[in-house]
Amino acid sequence: MKWISIASIAGVFTVVYVIYAYAFGGCVSNEDLAKSRVIAYLEEKGLSTTSLEVDAERSTECQVSFVYTGADGLVYFTVIDGGKVTLWDTSKRGPL
């Protein structure tokens, strides 16, 4: 009986976790968390973090966007999927 109770509780927690991850896994709304991820990326590349600003036009309720102004141009950062950093470097555009 004890093992059935433990297995049942573990099953309920698993189902709740899967539902929560499915519903909220792709959203990032915490600006401080998003900024810390982008700053960590910039520091890893040896770039200054003072040129980073929040991009309110491209931010939504599930993603936070930033603009980085560098010597070569602009880099747009977006933090999505629970903290994944994506970027678009405008100086590295290829032919259309």
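Remarks
Listed here are the residues, each with its yes/no results for (1) touching a residue at least 12 places away in the same chain (Cβ under 8 Å); (2) touching a helix residue (DSSP H, G or I) at 6+ places or on another chain (Cβ under 6 Å); (3) farther than 20 Å from Cys27 by Cβ.
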position: Gly46; (1), (2), (3): no, no, yes
position: Thr50; (1), (2), (3): no, no, yes
position: Val54; (1), (2), (3): yes, no, no
position: Asp72; (1), (2), (3): yes, yes, yes
position: Val85; (1), (2), (3): yes, yes, no
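- Residue-level check: of (1) part of a loop (DSSP other than H, G, I, E, B); (2) at pLDDT below 85; (3) loosely packed, with under 12 Cβ neighbours inside 10 Å, Tyr22 misses just (1).
- Residue tally, condition surrounded by 13 or more Cβ atoms within 10 Å (Cβ to Cβ) and either farther than 14 Å from Lys84 by Cα or among the polar types (S, T, N, Q) (or both), over region 26-35: 1
- Scanning region 41-61 for residues that are hydrophobic (A, V, I, L, M, F, W, C) and surrounded by 13 or more Cβ atoms within 10 Å (Cβ to Cβ) returns Leu42, Leu47, Leu52, Val54.
The values are calculated or read from the model by the stated rules, or taken from the named source; none is laboratory data. Note that the structure is predicted; figures quoted are calculated from it, not measured. Virtual Cβ from ideal backbone geometry, glycine too; neighbours counted across all protein chains shown.
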